[in-house]
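Mind having a look at this structure? Questions to follow.
The values are calculated or read from the model by the stated rules, or taken from the named source; none is laboratory data. Treat the numbers as computed from the prediction; the structure is a model and nothing was measured. Ideal geometry is used to build each Cβ from the backbone, glycine not excepted, and the neighbour counts take in all protein chains shown. These accessible areas exclude ligands, DNA and RNA; they are computed on the full protein's heavy atoms, side chains included. Shrake-Rupley method; radii C 1.70, N 1.55, O 1.52, S 1.80 Å.
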Amino acid sequence: MKHFTNILYVLDQEAEQPCGLERAAALARGNQARLKVVSVIESLPAGAALEGLDFTTDDLLAASRAECEQRLNALVEPLRETVAIETKVLTGKLFLEVIQEVLRHDYDLVMKCVGDKSPMAALFGSEDLHLLRKCPCPLWLGRPQDALNYRRVLAAVDVEPLVAAKEQAQQQALNATILDFAAALATSEFAELHVAHVWTALGEPILRGGMLATPAETRIDAYIEAERRRHSQALERALADLEARAGAEAMQWLKPVRHLPKGSPREELPALAKRIDADILVLGTLGRSGVSGLLIGNTAEAVLQRIDCAVLAVKPEGFVSPVSV
C-alpha cells in the first residue's frame, strides 16, 4: 500500500486555525516521513519607496516574512516533540510557489486547509482549484471542522469497461492509485473503507423514451441488470487487484464496502458521501468524463459544489504539471 515519505503542509494565511496540521504531523510520524510546513506571502514591487515614510517595499516584505516565520515556528513548536518539522516562508502566488516547491523537492503529498467556507464550492476561482488541476503529487484538502480521526474513507473509481485499450490502461492505473491511497488511509485511521463506482446503462434513456421501436420492458430491465452485473464484475476485478497488492490479511481487515449507484456522478457521488457520512473522498483526476474526470470541466464543479468532506485528489501516472521551476 501507499506510504508517504515527504509531506508538504501549506498554512493558509486566511484560515483562523491551522486545520490539518496535527494530522500532517501524525501522518509524518506514522510513515516516518519528512514534514515541511510552509506559508506563502505576497510579493511586492522591489525597492519602491513609501511616500512620506522612511521605508521601502523591501522593508515591508522583510517585516512580513519575519512575522510569518515567527507564526510558523510558534505553531509547529509543540509538535516538534514527536516529529521533526522544517519551516519555510515562500514569496509569490500561492499555487505557483507550492507547485514549484513540490517540483524542487519531490514531495509525495501536499496538505492544505480550504479555510472556513463550506462546502467545497469555496474552491472555485481560488488557489485551491489551481492546485487541484496542476499539482503533480496527491493533494489533500481538509476543512476546519474535520475530526482528528476519520471514520469513513470513500474511494471513487471509474471501472467503465467500454473504453479504448490505451485509455483503459490509464484508467486501471489511476484506479489502483486511488484504491492504494484509500486503503492506506483507512488502515492508518482505523476507518471503514467504502469504494464507489457510479455507472450508467448505455442508451437507457433512449430505450425507455420511445425514440426507437421499444422492446418489452422486461427485455430492457434484463439489459439494465446485465449492465449492472458487468460493472459490478469490473469493480470486483479492481478490488481483487488491490488484494494482490495489499495482501489477503490486509483486505480481511479492511472489508471494503462496495457501492454501485446508477446515474450521474455529479448527483450520485455527493449523495453517497452524505448518506454514509464520509470524512474524506479519495478520487483521481483524468481528462475524460466519469468519476475519474471529476476535476475537469463541468462535472468537477457540479460534484465539488455538493461535496462536504475532505478531499484527497491524485493524478494519473505520467502527469506533468504545466507549472515549471
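Residue by residue, what Karplus-based ³J(HN,Hα) values in Hz, rounded to whole numbers, does the range 317-325 have, using 6.51, -1.76 and 1.60 with θ = phi - 60° and x for Gly and Pro?
Running phi through 6.51 cos²θ - 1.76 cosθ + 1.60 with θ = phi - 60° gives 4, x, 4, 10, 5, x, 8, 10, 7 Hz.
When only Cα pairs under 8 Å and 6 or more residues apart are kept, what is the percent relative contact order across the range 145-200? Mind showing how you got there, number by number?
Numbers: 57 pairs, mean separation 31.3, N = 56.
Once normalised by length, the contact order is 56 percent.
Excluding residues fewer than 8 places away in the same chain, name every one of the lysines whose C-alpha is closer than 17 Å to that of residue 112.
Straight-distance partners of residue 112: 36, 88, 93, 134, 315.
Once you charge only the Cβ atoms, +1 for Lys and Arg and -1 for Asp and Glu, what is the size of the charge dipole of the chain about its Cα centre, to the nearest 20 debye? Provide the component values of the computation, followed by the final result.
Values: 35 positive and 44 negative charges, 231 e Å.
Here the size comes out at about 1120 debye.
Run the quick spin-label model on residue 236 and residue 165: label points 7 Å from Cα toward the beta carbon, then report their separation in nm to one decimal.
That separation, rounded to one decimal, is 2.6 nm.
How much solvent-accessible surface does residue 245 expose, in Å² to the nearest 10, with a 1.4 Å probe and all protein chains in place?
100
Which residue, chosen from 168, 4, 264, occupies the Cα position most advanced towards the positive end of the dipole of the chain, where the dipole is computed from +1 (Lys, Arg) and -1 (Asp, Glu) charges on Cβ about the Cα centre?
Ranked along the dipole, the leading option is 168.
Turning to a different aspect of this structure: In the chain, carbon and sulfur make up what percent of the accessible area (probe 1.4 Å)?
52
Given points 7 Å out from each Cα along the Cα-Cβ axis, report the residue 317 to residue 49 separation in nanometres with one decimal.
Here the modelled spin labels are 6.1 nm apart.
Relative to the longest principal Cα axis of the chain, at what angle does helix 21-31 sit, 0 to 90 degrees, rounded to 10?
Rounded to the nearest ten degrees, it is 70.
Where does helix 265-275 land angle-wise versus the long Cα axis of the chain, in degrees 0 to 90, nearest 10?
80
Same structure again: Quickly estimate the mean residue ellipticity at 222 nm for the chain, helices only: each DSSP H run with n ≥ 4 gives -39500 (n - 2.57), and the total goes over all residues, rounded to 500.
When only DSSP H runs of four or more count, the value is -14000 deg cm²/dmol.
Same structure again: Just want the answer: with Cβ charges of +1 for Lys and Arg and -1 for Asp and Glu, which residue in 103, 18, 62 is farthest toward the dipole's positive end in the chain?
Going by the Cα projections, it comes out as 103.
Ranked from highest to lowest mean number of other Cβ atoms within 10 Å per residue, what is the order of the peptides 174-187, 84-97?
Numbers: 174-187: 23.4, 84-97: 17.4.
Going by the mean number of other Cβ atoms within 10 Å, highest first, we get 174-187, 84-97.
Taking the dipole about the Cα centre of the chain, with the C-beta of Lys and Arg at +1 and of Asp and Glu at -1, give me whichever of 281, 181, 202 is farthest to the positive side.
In the chain, that residue is 202.
Going by alpha carbons, how many degrees (0 to 90, nearest 10) lie between the helix axis of 165-189 and the longest principal axis of the chain?
So the inclination is approximately 60 degrees.
Also, I was wondering about something else. Apply the Karplus curve 6.51 cos²θ - 1.76 cosθ + 1.60, θ = phi - 60°, to the phi angles in the range 70-80 and return the couplings in whole Hz, x for Gly and Pro.
5, 5, 4, 5, 5, 6, 8, 4, x, 8, 6
Quick check: pseudo-label points 7 Å beyond the Cα along Cα→Cβ at residue 277 and residue 69, how many nm apart are they?
Going from the residue 277 label point to the residue 69 one covers 4.6 nm.
Of the beta bridges DSSP finds with both residues in the chain, what % are antiparallel, to the nearest 5? Numbers along the way, then the final one.
Details: 4 of 42 bridges.
If we restrict to bridges inside the chain, about 10 percent are antiparallel.
What residues qualify as long-range amide H neighbours of residue 109, i.e. H under 5 Å apart, gap of 5 or more or another chain, H built at 1.01 Å from N?
6, 8
Which whole-Hz couplings ³J(HN,Hα) result when phi for each residue of the range 37-45 is put into the Karplus expression 6.51 cos²θ - 1.76 cosθ + 1.60, θ = phi - 60°, listed in order with x for Gly and Pro?
Using θ = phi - 60°, the values come out as 10, 10, 9, 10, 10, 5, 7, 10, x Hz.
Something else about it: With a cut-off of 20 Å, note down the residues of the range 248-289 whose backbone N falls inside the zone around a label point 7 Å from the Cα of residue 146 toward its beta carbon.
Output list for this probe position: 270-285.
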